[in-house]
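Readers should treat all values here as calculations from the given coordinates under stated rules, not as data from a laboratory. Keep in mind the model is a prediction, meaning the values are calculated, not measured. Positions of Cβ are backbone-derived with ideal geometry, glycine not excepted, and every protein chain shown enters the neighbour counts.
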Amino acid sequence: MRFDACTGPSWASKSPVDPIISITGLGKTYASGQVALRDVDLQIRKGEILALLGPNGAGKTTLISVVCGIVQASAGRVLVDGHDIRSGYRAARKQIGLVPQELSTDLFETPWATVNFSRGLFGHPPNDAYLEQLLRDLSLWEKRKNKIMTLSGGMKRRVLIAKALAHEPQILFLDEPTAGVDVKLRREMWKLVRGLRDRGVTIILTTHYLEEAEEMADRIGVINKGQLILVEEKRELMKKLGRRKLTLLLREPMAALPPSLADWELTLGAEGRELEYRFEAHQEGTRIPDLLQRLTEQGIGFTDLHTQKSSLEEIFVRLVEGDGP
Amino acid sequence: MNPRGIWSLYRFEMARALRTVWQSLAGPVITTSLYFVVFGGAIGSRMQAVDGVEYGAFIVPGLLMLSLLTLSISNASIGIYFPRFTGTIYEILSAPMSYAELVVAYVGAAATKSMVVGLIILGTSALFVPLRIEHPFWMAGFLVLTSVSFSLFGFILGIWAKGFEQLSFVPMLVITPLTFLGGAFYSIDMLPPFWRQVSLFNPVVYLISGFRWSFYGQGDVSVGQSLGFTLLFFALCLGVVAWIFKTGYRLKE
């Protein structure tokens with residue numbers, strides 16, 4: 001399956017935006033034989049926040065690693081601002097900052113030394129004013145002379161962000177930026193990412209939290225088992241993914257739905273002991289009160305009820321089966 | 001070219017050594033001083049001069065070589081192994097640096113460090129024994145070539161190693177015996193003919209011999225052979241490094 005969101009119908013009415021990253025036919029098979037990416041096509045637009053959503057092991061990190069030059073692709077092509085990541089790797093990589101998932105830092109260094117190192121490594125002349133502002137923005141300025149090993153986990157993650165931004169990249173990859181991060185820090189992270197986007201930085205983040213993708217992204221790409229299942233505008237996707245299910249445990253089992261409920265999209269489950277109602281969470285007015293009232297009028301008693309969100313796994317299964325979310 | 005990148009990485013590696021400057025310098029200097037106290041002062045005075053060179057002075061080139069080999073290998077191997085181990089290598093691999101630039105930075109820093117320590121040991125030895133260097137230009141050449149070649153070798157080791165024990169395995173179980181048996185403390189001409197022939201298969205013999213020649217004008221093998229062998233080893237390591245980067249061996253999946 002291929003989705004080209006830039007030319008897709010939802011964008012037909014808008015002016016086309018040049019992709020800053022263009023991925024075509026990307027595949028990666030590890031030496032172990034494990035297929036991590038399969039024929040991935042993706043156009044990332046300049047200045048957007050794109051969330052790559054998928055379960056663990058879906059291929060998110062591999063995708064990022066290929067674009068950043070850490071993993072060699074087995075097939076396909078990646079252009080970063082028009083530069084091929086193989087033949088034009090210098091120009092391509094200069095535009096990219098990467099914040100890895102693991103907190104891998106030089107523990108004996110100070111934040112100040114390490115951001116200077118990162119900036120130099122990417123070929124930029126020293127710029128104390130820029131780096132000072134960067135550390136201030138990330139609330140690291142006070143700690144600039146402390147060894148990184150003495151900093152908290154949240155601060156270490158911010159050091160990694162500072163390192164990734166030290167060379168003023170146009171594109172920032174954040175691999176699971178909020179994994180293992182508390183709620184307060186997560187909010188700060190989201191704020192920071194939005195601030196960067198406002199400055200024109202294109203941001204690609206991976207997550208396995210639907211909520212995070214919903215909170216942050218302009219567009220969401222769903223990736224599973226190495227395949228990019230779809231890429232859509234967040235609003236469109238949330239409509240599809242936001243489906244919920246109300247289950248009512250009936251007092252008396254039913255053999256079939258009574259005709260009086262025919263105008264409701266209901267199904268019977270658990271051999272007639274459960275009544276299921278599927279609805280869109282984002283729809284205005286879920287009609288649940290109406291349904292309950294109707295059931296009472298019909299004398300259909302129930303002992304308990306619960307609602308359930310579609311889990312990511314369910315969504316993936318349906319997407320892969322082509323059943324539509 | 002990304003000269004700024006090379007410089008940053010080189011400085012980073014040098015800074016790592018400066019953080020542990022006492023460990024980096026004091027260890028080798030104390031160890032070598034002990035050798036001179038024992039072999040130069042205590043035992044050396046009862047030993048015959050070797051080919052007209054006082055024993056304490058005779059062992060200087062061999063001891064220097066031992067330090068150069070061990071330090072170059074450990075500096076370079078840890079330099080590249082440590083980021084692999086901690087995961088910080090992601091940044092190096094994602095930087096706009098060519099492989100040749102990475103090698104220049106890592107190997108350059110490792111070789112610089114071992115040369116600095118080598119010169120300090122040389123200075124220390126001058127305090128204990130009468131030293132003379134007949135061919136200073138050649139001495140410097142061997143110093144640089146050996147440090148760079150074995151730093152390359154250490155770099156390869158650091159990429160190959162899967163754990164810290166493998167890192168210390170090669171210097172301890174391969175380099176140290178080869179150096180001790182390579183004529184660091186004796187001339188291989190002192191050996192019975194059979195063992196002299198066997199010694200000629202020990203590559204370190206050629207390194208020590210050439211180095212000693214640059215000090216005292218005499219060696220176990222001709223200086224041409226020594227130079228030829230050192231250059232061969234250098235070329236071999238360069239070839240392996242080129243292959244590593246071409247295939248991404250243990251660096252890129």
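For this structure, a couple of remarks:
- Of the residues A:Ser74, B:Ser114, B:Ser67, the one with the fewest other Cβ atoms within 10 Å heads the list, and the complete ranking is A:Ser74, B:Ser67, B:Ser114.
- Projection of the Cα convex hull of the protein assembly as shown, averaged over all directions and equal to a quarter of that hull's surface, yields 35.1 nm².
- Restricting region B:109-215 to trypsin sites (Lys or Arg not before Pro) in coil, as DSSP defines it, with at most 13 other Cβ within 10 Å: B:Arg132, B:Lys162
- Cross-link reach is defined here as a Cα-Cα straight distance under 14 Å, omitting same-chain residues fewer than 8 places apart; for B:Lys113 the aspartates and glutamates meeting it are B:Glu13.
- Once both labels are positioned 7 Å from their Cα atoms along Cα-to-Cβ, the gap between A:Arg187 and A:Glu142 label points is 1.9 nm.
- Straight-distance candidates among the aspartates and glutamates for linking to A:Lys309, with alpha-carbon spacing under 16 Å and chain neighbours fewer than 8 residues away dropped: A:Glu211, A:Glu212, A:Glu214, A:Glu276, A:Glu280.
- For residues of B:77-89, the mean tally of beta carbons on other chains within 10 Å: 2
- ³J(HN,Hα) computed for each position of region A:33-47 - Karplus, 6.51 cos²θ - 1.76 cosθ + 1.60, integer Hz, glycine/proline x: x, 5, 8, 8, 9, 9, 6, 8, 10, 7, 10, 10, 8, 4, x
- Per-peptide packing, taken as the mean over residues of other Cβ atoms within 10 Å, places A:300-308, A:134-142 in the sequence A:134-142, A:300-308 from highest down.
- Region B:38-112 and region B:191-224: distance between their alpha carbon centers, rounded to Å: 20
- Summing Cβ point charges (Lys, Arg +1; Asp, Glu -1) relative to the Cα centre of region A:94-148 gives a dipole of roughly 60 debye.
- Distant-in-sequence amide H partners of A:Ile229 (H built 1.01 Å from N, under 5 Å): A:Val222, A:Ile223, A:Asn224
- Average projection, convex hull of the Cα set of region B:126-253: 9.6 square nanometres.
- A simple rule links phi to the HN-Hα coupling: the Karplus curve 6.51 cos²θ - 1.76 cosθ + 1.60 with θ = phi - 60°, which for region A:127-144 gives 8, 4, 5, 5, 5, 4, 4, 4, 5, 5, 4, 9, 6, 10, 4, 5, 9, 4 Hz, with x for Gly and Pro.
- Cα-based equivalent ellipsoid of chain B: semi-axis lengths in Å, sorted from largest, via gyration tensor: 34, 19, 16
- Relative contact order [Cα under 8 Å, 6+ residues apart], chain A, whole percent: 19
- Where the Cα pairs of region B:1-133 fall when distances are cut into 10 Å bins, in %: 12, 36, 24, 16, 10, 2
- Pairs over the 24 Å Cα-Cα cut-off, from the set A:Lys28/A:Lys239; A:Lys156/A:Lys225; A:Lys60/A:Lys94; B:Lys162/B:Lys246; A:Lys143/B:Lys252; A:Lys94/A:Lys147: A:Lys28/A:Lys239; A:Lys156/A:Lys225; A:Lys143/B:Lys252; A:Lys94/A:Lys147.
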